[in-house]
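Below is one structure, written out as C-alpha cells; the observations come after it.
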Amino acid sequence: RESSWRAVATLAYQSLGVVYGDLSISPLYVFRSTFAEDIKHSESNEELYGVLSLVFWTITLVPLVKYVFVVLKADDNGEGGTFALYSLLCRHARVSSLPNCQVADEDLSEYKKDSRGVASERSFASRLKATFEKRKVLQRVLLVLALIGTCMVIGDGILTPAISVFSAVSGLELSMSKENHAYVEVPAACIILIALFALQHYGTHRVGFLFAPVIITWLFCISAIGLYNIFYWNPLVYKALSPYYAFQLIRKTQKGGWMALGGILLCITGSEAMFADLGHFTQLSIKIAFTSVVYPSLILAYMGQAAYLSKHHEIEQDYHFGFYVSVPDKLRWPVLIIAILAAVVGSQAIITGTFSIIKQCSALSCFPRVKVIHTSSKIHGQIYIPEINWLLMLLCLAVTICFRDTKRLGNASGLAVITVMLVTTCLMSLVIVLCWHQNVLLALGFIFIFGTIEALFFSASLIKFLQGAWVPIALALVFLTFMYVWHYGTLKKYEYDVQNKVSINWLLGLGPSIGIVRVRGVGLIHTELVSGIPVIFSHFVTNLPAFHQVLVFLCIKHVPVPHVRPEERFLVGRIGPKEFRLYRCIVRYGYRDVHKDDIDFENDLLYSIAEFIRTESTALSSSNDEPVKDDRMAVVGTCSTHSMLMSEDNVENVDMPGTSELKEIKSPQVIQQKKRVRFLVPESPKIDTSAMEELEEVMEAREAGVAYIIGQTHMRAKPGSSMLKKIAINIVYEFLRRNSRAPSFVTGVPHASSLEVGMMYQV
C-alpha cells in the first residue's frame, strides 16, 4: 500500500508539469480580457466582484465537477480525449466508420474491457443503439462531431502558445516606456515561440523533469502573491465568491456582462488536457493534483488580483487589469521570468497533445499519413511530427504578429476551448447511455447542466467573430475539409477494392502452380482487404510470368481500441490448398500503438506464419484429421509470446537486386549487416510430415529474401459525378495523397526489395 501511494504521489507530481501548465497560467490574461471593453470597473467594485464570482463558479463547475468527478471516468482502457470517447461509442454501438472491421476484432481483450453489463432489449439504450446502427446519417454526424473537436484542439495548439507567451512577455510594459514596449513585446514573443517549436524534435523527456518544478514554483508564486494581496488590501474579498455577485453583474450590465463571459471563459483553458492526457497518468493522480494544488492556487490567485484591483481605480487603463500590476514591485522581474517559463511549459503540453490527437486521427483514417517520430523509447506517447510542428509554428507566428494584443488572442482561444468542451459534453451524454447503460435522465441532466453553461460561453465567444473569434472557425473549416475528404476518399478506395476483388475460385482454376513459375523467396502483397484476393494481384500475374514460392497477403489495420496486446496482434489464415503456399496475415494495431521497425516487423510476420502452420498441424492431429476450412483465421502473437524457438545471427547479407534464380543480369552487390532469423521447430509427434515440409519451405523462402509488392492507386471520380465529388476526389484527395507519407509498412522497405504496381480507380 505504501509503494502504491508513493507511485500515485509521483504521478500527481509529474502531472502538474504535463497536464496543468495551460490551466495554471490563465491568471495572466483573464481579468485583462474580461475588462477589455464590455464592462467597466466602477468605484463600487460590483463588476469586479461579479467577475470574481463567475470565475470561481466556472472553475468549480467545469474542471472540478464535470471533468474530475464525471468525464475522467469515461476512459478508454486508460486513454482519454475526444477520440477516446468516439472509440468507446464505436465499439458499443457499431458506428465505426473504419472500412475493414471484423467480428474477430470484438474478441480483443480490450474491446469491451470496461463494459458495464448489457442493456435489455426494451431499454432506451438498446433503442438508441439500434437507431445509430441503422442510420448512416447519424454515424456521419457523430464522426463530424468528433472531427470538429479534433480540429478545435489543433486550433488550440496554435492559439494557446501565442496567448500564453504574449501575455507572459506583456509584463515588460511596466518596465519601459509605452513607445519602446510596442517594439519589444511582439519580437520577444516571436523569438520565444520560434525557440519553443525548434526544440520540439528533441522530445519533452529531455527537459520534462523541469516541467513540474516550474509549474509548482509558478503556482506557489501566484498563490503567495494572492494571499499577500488579500490580507494587505482587502481581507473581505472572499464574500465575492457568493453567486449573488454573479447574478448582480449580469442584471446590472446585461449585454456587457454576457459578452464578458468570453473573457471569463479563459480561466478554464487547459481543462480538456486533464482528460486528453489521461493515458500518461491515472485518474487518481490527476484528481489529487488538481484538488490539492491547482484548484486552491488558482482561486487564491484570482482573489488576490480582485483584492488589489478593488483598492486601485486610478491606474492607467492600458495597464489596469494586467496580472503584473498586482505583483509587488520588487518581485516583478523574478515573477516575469517564472511566468515565461510557465507559459513555455503550458504551450509544450498543448503542442504535444496536438501531435498525439493527429496521430490518433491518422490511425483511424481521418487524417493524411504523416511522419511520426517517437522521441522517447521509455516514456509512452511522446511523439514528434515534423510537418505539423512547422505548420503550427508558422500559424502561431502569423496570429501573434497580426493580432498583437491579448484581447483578440483571447477571443480566438476562448472559442476553440469552449467548442472542444461542448463536443466532449455531447459525446459524454451518449457514453452515459450507450456504454454505461445509465438512465437517460442522468444523461439529459448532464447535458442540460453543463451544456447550458458551455452554450452561454460559446455564444459570448461567437458574438466576437470579427474581434478574433473567426480564426479558430476558419482553421477548423480548413482542417475539417481536409480530414473529411481524406476519410471519404479512403472509404471509396476500400469500396472499390471490395467490389473488384478476385474470388478464390479464380485462383483455384489456375492450378497448383498458379499458372506461372514459382521462384524462391517470400512475396508480401500489401492490401486493405481482410477477405478475398485484391485486384492488384490479378493485375500483377497477368503482366509478369513469375511469382514467389511463398505468398502473403498482408493487411495492416487499426481497430478502435488504444492498444492491442502483442499476443493478439496477428490474425493468420490460409488461402486455397496447402500446396499453394498462400497465406493471409492481418496485423492489428490500436490507435495509440507504436509500429515496429521493418526488420522486427518482418521477423514477427514470418514467425506468425510458422506458428500458424505448427498450431494448425497440432489441431488437425487432435481433431482426428477433420478438414479445416480455408477461411479459418487464427490469432497468433509476436515472437516473444510463444514457445517456438528462434535464433538470431548478425551476418553479412549479400543483397541482390532480386531473389529470382532466373535473373541473368548481374548487378553490383550490396553488403550490409542484417539480422537473420531462423525458426527452430521443436520436435513433436503432433507435427506431421507435410507441416514440417511446409515449415522448411517457409524458412528456405525467408532465407532467399523478402520482396514487397505495393499498390500505387490513383483515384478519379466517375464520369457523370457531381462537381462537388470531382473537386473532392480529383483535386483535394489526390493533392493530399501525393503529399502524404507512405504507410508505415512501406516506409522502411529497401528499394531493391520493393515493387510498385500502379492502378487507376474510378469511384
Would you confirm whether or not segment 382-389 contains a residue that is part of a loop (DSSP other than H, G, I, E, B), surrounded by fewer than 22 Cβ atoms within 10 Å (Cβ to Cβ) and touching a residue at least 60 places away in the same chain (Cβ under 8 Å)? yes
Being within 29 Å of Thr60 (Cα to Cα) and loosely packed, with under 14 Cβ neighbours inside 10 Å is the requirement here; does Phe457 meet it? no
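Please state which one of Ala276, Ala306, Ala224 is of a type in the set (A, V, I, L, M) and open to solvent by less than 30 Å² (accessible area, probe 1.4 Å).
Ala306
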Per the filter on segment 62-99, residues open to solvent by 10 Å² or more (accessible area, probe 1.4 Å) and among the polar types (S, T, N, Q) are Asn77, Ser96, Ser97
Count, please, the residues in segment 360-380 that happen to be modelled with pLDDT of 85 or more and in a helix (DSSP H, G or I). 2
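For (1) farther than 14 Å from Gly155 by Cα; (2) touching a residue at least 40 places away in the same chain (Cβ under 8 Å); (3) assigned by the TED database to the domain that holds Ala125; (4) not hydrophobic (A, V, I, L, M, F, W, C), each residue gets a yes or a no:
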| position | (1), (2), (3), (4) |
| --- | --- |
| Lys359 | yes, yes, yes, yes |
| Leu394 | no, no, yes, no |
| Lys407 | yes, yes, yes, yes |
| Asn411 | no, yes, yes, yes |
| Val417 | no, yes, yes, no |
| Leu427 | yes, yes, yes, no |
| Val440 | yes, yes, yes, no |
| Phe458 | yes, yes, yes, no |
Segments classed as helices (runs of 4 or more DSSP H), wholly inside segment 275-334, with at least 3 members that are modelled with pLDDT under 85 and in the same structural domain as Val165 (by the TED database): 317-320
Any residue at all in segment 439-449 that's in a helix (DSSP H, G or I) and of a type in the set (S, T, N, Q)? no
Which numbered condition in (1) modelled with pLDDT under 85; (2) open to solvent by less than 30 Å² (accessible area, probe 1.4 Å); (3) touching a Pro at 6+ places or on another chain (Cβ under 7 Å) is the only one that Ala752 fails? (2)
Would you please name the residue that is surrounded by the most Cβ atoms within 10 Å (Cβ to Cβ), looking only at residues in segment 397-415 that are in contact with a Cys (Cβ under 9 Å, 6 or more places away or on another chain) and more than 9 Å from Ile163 (Cα to Cα)? Arg408
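Can you find a residue in segment 438-454 that is among the aliphatic types (A, V, I, L, M) and farther than 30 Å from Phe247 by Cα?
Yes - at least one qualifying residue is present in segment 438-454.
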Among the residues of segment 100-133, count how many are among the small types (Gly, Ala, Ser), at pLDDT 75 or above and loosely packed, with under 14 Cβ neighbours inside 10 Å. 2
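Would segment 162-181 turn up any residue that is under 31 Å from the mean Cα position of the chain (by Cα), open to solvent by 60 Å² or more (accessible area, probe 1.4 Å) and modelled with pLDDT of 85 or more?
Here is the first cut: in segment 162-181, the ones under 31 Å from the mean Cα position of the chain (by Cα) are 162-169.
If we keep only those that are open to solvent by 60 Å² or more (accessible area, probe 1.4 Å) too, we end up with none.
The answer is no; no qualifying residue exists.
Name the one entry in Val51, Val62, Val55 that is under 24 Å from the mean Cα position of the chain (by Cα) and not in a strand (DSSP E or B).
Working: Val51 fails: under 24 Å from the mean Cα position of the chain (by Cα); Val55 fails: under 24 Å from the mean Cα position of the chain (by Cα).
Criteria check complete, one pass: Val62.
The values are calculated or read from the model by the stated rules, or taken from the named source; none is laboratory data. Quantities reported herein were computed from a predicted structural model and do not represent experimental measurements. Heads up, the Cβs are rebuilt from the backbone with ideal geometry, glycines too, and the neighbour counts pull from every protein chain shown. Each accessible area value is taken on the protein alone, full model and side chains, heavy atoms only, with ligands, DNA and RNA left out. Shrake-Rupley method; radii C 1.70, N 1.55, O 1.52, S 1.80 Å.
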